Amino acid sequence: MVAALWSAPDVQADEYHYRNILVGERASGMGGAYTAVSDSPAGLYYNPAGVVYAAGGSITASVSTYDYISKSYGRGLSGLNDWNRRSTNFVPSFFGVLRPVGNGVLGISYAMPDAVTEDQDLEFQDSANSIRRYVVNFNNQDRTFQIGPSYARRLNDELSVGASVYFHYREREWISNQLTELTSGLYQMNNTYFQTNEYGYKPVLGVMWSPLDKWSFGASVSKVTIYEGKADSQVTTRSTDNDLTFVKSATEDKRKHPLNVTLGAAYFYSPAFMISADAAYYEKFTDPIYGERESVVNLSIGGEYYLNPAIALRAGVFTDYANTPDLVAGQSNQPEHVDYLGLSFSVTHFTRNSSLSLGCVYRDGDGKAQIVGGSDEIQDVSYTGASLFITSGYSY
């Protein structure tokens, strides 16, 4: 019996990080440093209190976001071969509408903060002394959707408040087929199917304070609560002795999410130049499905500069730290821990009532993982991710 099998289906899941996709036109270009700005439809997602500063009604739509992810696990198969994984994905990441109503602003928005699509065929030859060939075919689809209404109101010239309430839905399907051919001519097979759905809600409460002409400060609090969840798995294994085992399981455990508190500050140096910074805290918690999750503080800094009234440049830098514990030598089945550093840039062209943005987000990171089920061996991980996005906006 050969133990070099890919570990459980949460190897690359969105549970490890909180900034898988940056959403919104201005926010994406500024690395997500948007809590103290939020004066566009994307503010419904980041800090709904800021939309009272939007100029009239407006619509923002992310036409498409193209995601590319590459991960390399050093010496992952029997300690002899690197294991490389790649993912490509088209994501309609955000849509939002604002409309002034009386003394406040109404809005509705849709966001896809997490999306993974993997479809790969891998084969290794002579990967270990007793293994002639190792083949794995797998498909992984994991998407999270959030949609809901918002309302914001100005309390006085310096202070505004707002709230969004999102319906949260996540769907995931993982299929993995593995074949091991030994030098003796015997075969071993393992087929795994995992599927999960969850339903919940996510309130976002925000406040914006502008005590000075050139300064604004923002804060938001949010938390996803799951009210219904279900996961099913099936594992079929054929041993080298042709013994067939089939294990089917189901659970209705509800995945937990952390409380998120974000503070932001923005300095408007001139009508042409602005800089903004965010600090986002995510609490420590224990999830009944994925185990311990550490507290995380992610930082982001972004800026915006108008070359002229028709063209704006935006750039940002941000962190996306893993919420998993550091791996410990001598233990097995530990979730991976990889910290990311991201850069973003976009250019926007304005006409009288519309805008069009083209931008990119780049992530790079390294860390540790265990990809061999039941083994205490730890692999080095290197990560590279890039997103290209096209966003349009219209004011009315």
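List of remarks:
- Of the criteria (1) over 30 Å from residue 191 (Cα atoms); (2) part of a loop (DSSP other than H, G, I, E, B), which one residue 323 fails: (1)
- All of 311, 378, 371, 301 fail the test of being surrounded by fewer than 15 Cβ atoms within 10 Å (Cβ to Cβ) and not charged (D, E, K, R), apart from 311.
- In the set (1) over 19 Å from residue 196 (Cα atoms); (2) out of contact with any helix residue (DSSP H, G or I) (no Cβ under 9 Å at 6 or more places or on another chain); (3) assigned to a strand (DSSP E or B); (4) not basic (Lys, Arg), the condition left unmet by residue 262 is number (2).
- So residue 254, is it part of a loop (DSSP other than H, G, I, E, B) and touching a strand residue (DSSP E or B) at 6+ places or on another chain (Cβ under 7 Å): yes
- Counted residues, the stretch 317-345 - those being out of contact with any Phe, Trp or Tyr (no Cβ under 8 Å at 6 or more places or on another chain) and among the polar types (S, T, N, Q): 4
- Residue 346 being under 30 Å from residue 95 (Cβ atoms), in contact with a Cys (Cβ under 9 Å, 6 or more places away or on another chain) and either in a strand (DSSP E or B) or modelled with pLDDT under 95 (or both): yes
- Selected residue (criterion: nearest to the chain's Cα centre (by Cα)) from residues of the stretch 115-155 that are under 24 Å from residue 237 (Cβ atoms) and basic (Lys, Arg): 133
- Checking the stated criteria, residue 90 turns out not to satisfy the condition of being part of a strand (DSSP E or B) and surrounded by 15 or more Cβ atoms within 10 Å (Cβ to Cβ).
- Those residues of the stretch 1-18 which are at pLDDT below 90 and either of a type in the set (A, V, I, L, M) or part of a loop (DSSP other than H, G, I, E, B) (or both), in sequence order: 1, 2, 3, 4, 5, 7, 8, 9, 10, 11, 12, 13
- Subset of the stretch 271-307 (residues that are at pLDDT below 95 and not in a loop (DSSP other than H, G, I, E, B)): 285, 286, 287, 291, 292, 293
- Of all the listed residues (327, 356), the sole one being surrounded by 15 or more Cβ atoms within 10 Å (Cβ to Cβ), under 18 Å from residue 17 (Cβ atoms) and aliphatic (A, V, I, L, M) is 327.
- Failed condition for residue 253, given (1) out of contact with any Leu (no Cβ under 7 Å at 6 or more places or on another chain); (2) more than 30 Å from residue 189 (Cβ to Cβ): (2)
- Being touching an Asp or Glu at 6+ places or on another chain (Cβ under 8 Å), of a type outside the set (Asp, Glu) and part of a loop (DSSP other than H, G, I, E, B) is a description that does not apply to residue 248.
- In the stretch 269-309, the residues that are free of Cβ contacts under 8 Å to residues at least 40 places away in the same chain, touching a strand residue (DSSP E or B) at 6+ places or on another chain (Cβ under 8 Å) and of a type in the set (Gly, Ala, Ser): 272, 279, 295
For every residue, the table says whether it meets (1) surrounded by 14 or more Cβ atoms within 10 Å (Cβ to Cβ); (2) touching an Asp or Glu at 6+ places or on another chain (Cβ under 8 Å); (3) on the phi > 0 side of the Ramachandran plot.
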residue: 204; (1), (2), (3): yes, no, no
residue: 238; (1), (2), (3): yes, no, no
residue: 242; (1), (2), (3): no, no, yes
residue: 273; (1), (2), (3): no, yes, no
residue: 286; (1), (2), (3): no, yes, no
residue: 289; (1), (2), (3): yes, yes, no
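- Selection count, the stretch 208-224, where residues are outside any strand (DSSP E or B) and surrounded by fewer than 20 Cβ atoms within 10 Å (Cβ to Cβ): 3
- For the stretch 84-106, the tally of residues that are hydrophobic (A, V, I, L, M, F, W, C) and farther than 14 Å from residue 20 by Cα stands at 6.
- Verdict on residue 23 being modelled with pLDDT of 85 or more, touching a Leu at 6+ places or on another chain (Cβ under 9 Å) and β-branched (Val, Ile, Thr): no
- Residues of the stretch 171-186 classified as touching a strand residue (DSSP E or B) at 6+ places or on another chain (Cβ under 8 Å) and without any contact (Cβ under 8 Å) to a residue 60 or more places away in the chain, total: 7
- Residue check, residue 227 surrounded by 14 or more Cβ atoms within 10 Å (Cβ to Cβ) and free of Cβ contacts under 8 Å to residues at least 40 places away in the same chain: no
- Count of residues meeting criterion [within 20 Å of the chain's Cα centre (by Cα), under 17 Å from residue 219 (Cβ atoms) and hydroxyl-bearing (Ser, Thr, Tyr)] in the stretch 255-309: 4
The values are calculated or read from the model by the stated rules, or taken from the named source; none is laboratory data. Given the structure is predicted, the values throughout are model-derived calculations rather than measurements. Positions of Cβ are backbone-derived with ideal geometry, glycine not excepted, and every protein chain shown enters the neighbour counts.
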